[in-house]
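Okay, structure first, notes after.
The values are calculated or read from the model by the stated rules, or taken from the named source; none is laboratory data. Note that the structure is a prediction, hence the values are computed from the model and not measured. Glycine gets a Cβ as well: all are built from the backbone with ideal geometry, and neighbour counts include every protein chain shown.
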């Protein structure tokens, strides 16, 4: 059976995935005059910051000085009109990193504001179905919507799907998880309201209660060592990054469905445990539950360069660097309830070269999410949203340069892309830091 697929043409850049990397890519390219369309499977932008309710944004800074590119700052500033008036100053206003609490509503509205102001065409409720390619060049992304299939053509494509779906459908080489068919566990975030903040226990005391509940069977299977609590915008609302689902393949829909249900089973146990045993939670109510489970790891698409843990340990710098990272290796162990943290040296960072965001098998495909070309371990350091914004801005800059000079992104000089980013405010040049010692990796 054959059917005619309608074609949406006339766009220079096609971005698939409306998370932090996709937003940054689309806005950056559009601001440089590139006709851009952004495709998102949900009805809102923001990715895990919105549908996954992941917060706070993890730090990427040296002694309060952010290493992130200007788009991240733009996004934070655009959130401010939608935040409560008593919200603490954001990084954008301080020029530095703080414990950054946001609301998913502010993140979503701000992302859409930025895209519309830049002239980005947004296609909501469209899922990637297939691709069309000619040799080593993508020519169209074939989408599925409520009204059927739609082919969107372009000169350059950016994969910001997180899972690397666009690149995989194009036939690009990739690695999966730790190379042994195992990925970091998935987490469903949630918030509780009506919490008496003044009576909440310190983290170590709550962990003791949690361990006791595991021993007596109140908690039957929440494979964590402790409860992950985070402050929210209001003192009586607490954010939880506490469920942990291991052993499921996030690329298989049936297993992803099982993971969602298992995460909600864990959520129920945690909720009842907190109300019965944790001071301050006696009157707690479920405030919100993320719309989808958060996936930390899946595909990593092979690029023209490949970043390794050896590069991380050496805090390696590259002449074609398009992003800097100071966030540590942060692996959620799938075999037990613990974590693996591997901090960087004080006052230093590693860099991501341009080739890591250029797909090896497609000349006109860029990567702007956690699916970039790295090994399993270092990927756990760069998967946080501020860094993904930086990768997106770099991909958007590269796409704009490629369109303007009539080349594919794979033919660009990465040093020229770096230069373009610096010209537009990216912190990729000399960076002076005060030589002080941090006592832990997330000290604000």
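Please determine, by comparing only the residues of the range 404-433 that are in a helix (DSSP H, G or I) and without any contact (Cβ under 8 Å) to a residue 24 or more places away in the chain, which one is surrounded by the most Cβ atoms within 10 Å (Cβ to Cβ). Among residues in the range 404-433 that are in a helix (DSSP H, G or I) and without any contact (Cβ under 8 Å) to a residue 24 or more places away in the chain, the one surrounded by the most Cβ atoms within 10 Å (Cβ to Cβ) is 420. Of the residues that make up the range 190-208, is at least one part of a loop (DSSP other than H, G, I, E, B), modelled with pLDDT of 95 or more, exposed (fewer than 15 other Cβ atoms within 10 Å of the Cβ) and out of contact with any strand residue (DSSP E or B) (no Cβ under 6 Å at 6 or more places or on another chain)? The answer is yes, given that some residue of the range 190-208 is part of a loop (DSSP other than H, G, I, E, B), modelled with pLDDT of 95 or more, exposed (fewer than 15 other Cβ atoms within 10 Å of the Cβ) and out of contact with any strand residue (DSSP E or B) (no Cβ under 6 Å at 6 or more places or on another chain).
Every listed requirement among (1) at pLDDT 95 or above; (2) within 20 Å of the chain's Cα centre (by Cα); (3) over 15 Å from residue 58 (Cβ atoms); (4) not in a helix (DSSP H, G or I) is met by residue 316 save one, (2). Scanning the range 261-276 turns up no residue that is farther than 16 Å from residue 188 by Cα and part of a strand (DSSP E or B).
Only one of (1) closer than 24 Å to residue 57 by Cβ; (2) assigned to a helix (DSSP H, G or I) fails for residue 288. Which number is that? Result: residue 288 fails condition (2) only. For residue 286, the conditions (1) in contact (Cβ under 8 Å) with a residue 40 or more places away in the chain; (2) out of contact with any helix residue (DSSP H, G or I) (no Cβ under 7 Å at 6 or more places or on another chain); (3) surrounded by fewer than 17 Cβ atoms within 10 Å (Cβ to Cβ) are fulfilled apart from (2).
Report whether or not residue 394 is at pLDDT 95 or above, touching a strand residue (DSSP E or B) at 6+ places or on another chain (Cβ under 7 Å) and outside any loop (DSSP other than H, G, I, E, B).
Details: at pLDDT 95 or above: yes; touching a strand residue (DSSP E or B) at 6+ places or on another chain (Cβ under 7 Å): yes; outside any loop (DSSP other than H, G, I, E, B): yes.
It is true that residue 394 is at pLDDT 95 or above, touching a strand residue (DSSP E or B) at 6+ places or on another chain (Cβ under 7 Å) and outside any loop (DSSP other than H, G, I, E, B).
Scanning the range 215-225 for residues being without any contact (Cβ under 8 Å) to a residue 60 or more places away in the chain, closer than 21 Å to residue 332 by Cβ and surrounded by fewer than 19 Cβ atoms within 10 Å (Cβ to Cβ) gives a total of 2. Counting the residues of the range 343-383 that are assigned to a loop (DSSP other than H, G, I, E, B) and crowded, with 20+ Cβ neighbours inside 10 Å gives 12. Candidates in the range 12-52 are the residues that are assigned to a loop (DSSP other than H, G, I, E, B) and touching a helix residue (DSSP H, G or I) at 6+ places or on another chain (Cβ under 6 Å); of these, the one that is farthest from residue 149 (Cα to Cα) is 32.
Could you count how many residues in the range 158-189 are buried (at least 22 other Cβ atoms within 10 Å of the Cβ) and in a strand (DSSP E or B)? Qualifying residue count, the range 158-189: 4.
Table: residues versus (1) in the same structural domain as residue 389 (by TED's automatic domain parsing); (2) at pLDDT below 95; (3) not in a loop (DSSP other than H, G, I, E, B).
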{"residue": "92", "(1), (2), (3)": "yes, yes, yes"}
{"residue": "98", "(1), (2), (3)": "yes, yes, no"}
{"residue": "125", "(1), (2), (3)": "yes, no, no"}
{"residue": "128", "(1), (2), (3)": "yes, no, yes"}
{"residue": "140", "(1), (2), (3)": "yes, no, yes"}
{"residue": "150", "(1), (2), (3)": "yes, no, yes"}
